[in-house]
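Below: one structure, written as structure tokens.
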Amino acid sequence: MKGFALFLLLVSACFLLANIMVNDHGYILVAYDNMTFESSLWGMMLLVVISAGVLWLALIALKILLSMLSIVYPVSSHAKKVKSRKLFDRGLAEFTKGNWRRAEKLLGQAASISDPSLINYLTAAKASHEAGNFEASATWLRLADTKTPGAEMAIGITQAQLQLSSNHLEQALATLQSLHKKYPRHAYILKMLKQVYVRLHDWQSLETLLPKLRKLKVINEDEHHQLETKAFQELFAQACNYGRNRSALEDRVQPANDLWAKLSHSQKKDQEILFRYAECLVRLGVEDKAESVLRTHLNQCFSENLIRLYGKISGIDLKKQLLFGESLLNKRPNDPELLLALGRLALKNELWGKAREYLETSLKLRRCVDVYNELGHLLTHLDEFEASARYFQEGLKLAAESATQLPLSARL
């Protein structure tokens with residue numbers, strides 16, 4: 001209904017306009033110098049409309065012509081940017097496919113036509129690096145630094161990534177340390193720095209960095225514990241190696257003691273770290289010191305490795321050492337590893353009956369090659385050769401069974 005009303009209004013307007021044009025043609029006279037131009041009003045208006053239409057069509061034709069010319073030769077900055085963008089997109093597609101040389105060529109062409117973006121420079125650097133053109137890669141990074149001010153961090157991270165991928169660890173370390181000074185809380189820089197320390201076996205630097213990694217949640221608790229354990233395992237191994245080259249006993253244990261003294265209270269209660277320290281002391285020939293350290297901490301941080309080591313070493317007072325071990329039975333009466341340790345300590349105290357009781361009880365709880373061997377040696381000492389031979393045979397049989405159960409790759 002509304003459309004029909006508009007149609008009637010339009011028809012009425014046309015009739016009105018036609019009536020005006022018929023009744024009054026109007027008159028226009030244009031004179032300039034000796035020239036005159038005469039026309040009716042409506043003829044003049046028609047001429048203006050036709051002229052405007054011709055001009056509009058001419059502009060469209062010119063625009064189409066310029067567009068066609070820009071395909072052959074980019075004559076405008078806009079056309080250059082469009083072509084550069086197309087080349088960059090093609091180069092990026094080749095980059096994702098792993099066609100490094102093709103990507104490097106296209107990205108280089110894109111950069112030569114128009115001012116490229118930072119991503120163009122960085123992707124070209126990566127493509128050149130993957131293609132083995134390290135000099136070109138470095139050139140692209142220098143251009144990125146020159147042409148795109150304020151992108152120092154992105155360029156530095158890319159450079160460190162390329163150095164890591166090519167195993168230039170010392171160079172990567174220098175790059176990351178420089179970035180770390182300027183951006184000390186940047187998570188990804190910290191993560192890469194951690195990787196470099198691990199690959200360089202720089203355990204001291206890694207141990208120093210670990211608290212910050214944990215605080216900023218760059219790594220989770222499990223990874224923090226694994227890295228901390230690994231770091232101290234290697235640091236105590238290094239301390240042991242340093243100590244072996246010294247003649248005086250105090251000098252031999254000094255590196256390990258210094259490392260232990262720097263640990264926090266919670267770190268000293270860590271089972272694995274405590275084991276590495278005590279093991280280091282044993283290797284340096286100070287079993288009495290190792291026994292004292294273990295006796296101080298075993299109540300709070302008991303583990304199979306710690307109690308096994310405690311049963312093997314000899315402190316200053318063997319009787320006191322056995323009594324302490326027996327005190328642990330109150331909390332762990334059926335622990336086979338503790339009973340084995342007590343059996344060994346009883347043997348050192350020449351308490352043959354008690355040693356046999358502990359070892360046989362441990363064997364009832366768990367079959368173990370070490371227990372079979374200890375019982376075999378004990379019964380040989382007690383002249384019970386038949387029983388001794390039986391224990392040795394059982395131990396050999398268990399050892400053979402354990403070996404055959406290993407996967408083939410482990411046995412190789």
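Among the listed residues Ser166, Ser178, identify the single one that is over 19 Å from Ile119 (Cβ atoms) and in contact with a Phe, Trp or Tyr (Cβ under 8 Å, 6 or more places away or on another chain). Working first, answer last.
Values: Ser178 fails: in contact with a Phe, Trp or Tyr (Cβ under 8 Å, 6 or more places away or on another chain).
Checking each option against the conditions leaves just Ser166.
What's the total number of residues in the range 172-222 that are part of a loop (DSSP other than H, G, I, E, B) and buried (at least 20 other Cβ atoms within 10 Å of the Cβ)?
Looking only at the range 172-222, we keep the residues that are part of a loop (DSSP other than H, G, I, E, B), and these are 183-186, 201-202, 216-220.
If we keep only those that are buried (at least 20 other Cβ atoms within 10 Å of the Cβ) too, we end up with 218.
Matching residues across the range 172-222 total 1.
Can you name the residue in the range 246-290 that is loosely packed, with under 13 Cβ neighbours inside 10 Å and either in contact (Cβ under 8 Å) with a residue 12 or more places away in the chain or of a type in the set (Asp, Glu) (or both) and, of all such residues, is nearest to Ser314 (Cα to Cα)?
Among those residues, the one meeting the criterion is Glu250.
Of all residues in the range 104-140 being modelled with pLDDT of 80 or more, in contact with a helix residue (DSSP H, G or I) (Cβ under 6 Å, 6 or more places away or on another chain) and among the small types (Gly, Ala, Ser), which is nearest to Lys83 (Cα to Cα)?
Top of the filtered list is Ala124.
Given the criterion part of a helix (DSSP H, G or I), out of contact with any Lys or Arg (no Cβ under 8 Å at 6 or more places or on another chain) and under 22 Å from Lys320 (Cβ atoms), identify the matching residue among Leu259, Leu306.
Values: Leu259 fails: under 22 Å from Lys320 (Cβ atoms).
Testing whether each residue is part of a helix (DSSP H, G or I), out of contact with any Lys or Arg (no Cβ under 8 Å at 6 or more places or on another chain) and under 22 Å from Lys320 (Cβ atoms) leaves just Leu306.
Given the criteria modelled with pLDDT under 80, surrounded by 10 or more Cβ atoms within 10 Å (Cβ to Cβ) and closer than 30 Å to Tyr121 by Cα, does Ala18 qualify?
Here the answer is no, as Ala18 does not meet what is asked.
Exactly one condition in (1) at pLDDT below 90; (2) crowded, with 17+ Cβ neighbours inside 10 Å is false for Ser402; which is it?
(2)
The values are calculated or read from the model by the stated rules, or taken from the named source; none is laboratory data. Just so it is clear, the model here is predicted, and its values are computed rather than measured. Positions of Cβ are backbone-derived with ideal geometry, glycine not excepted, and every protein chain shown enters the neighbour counts.
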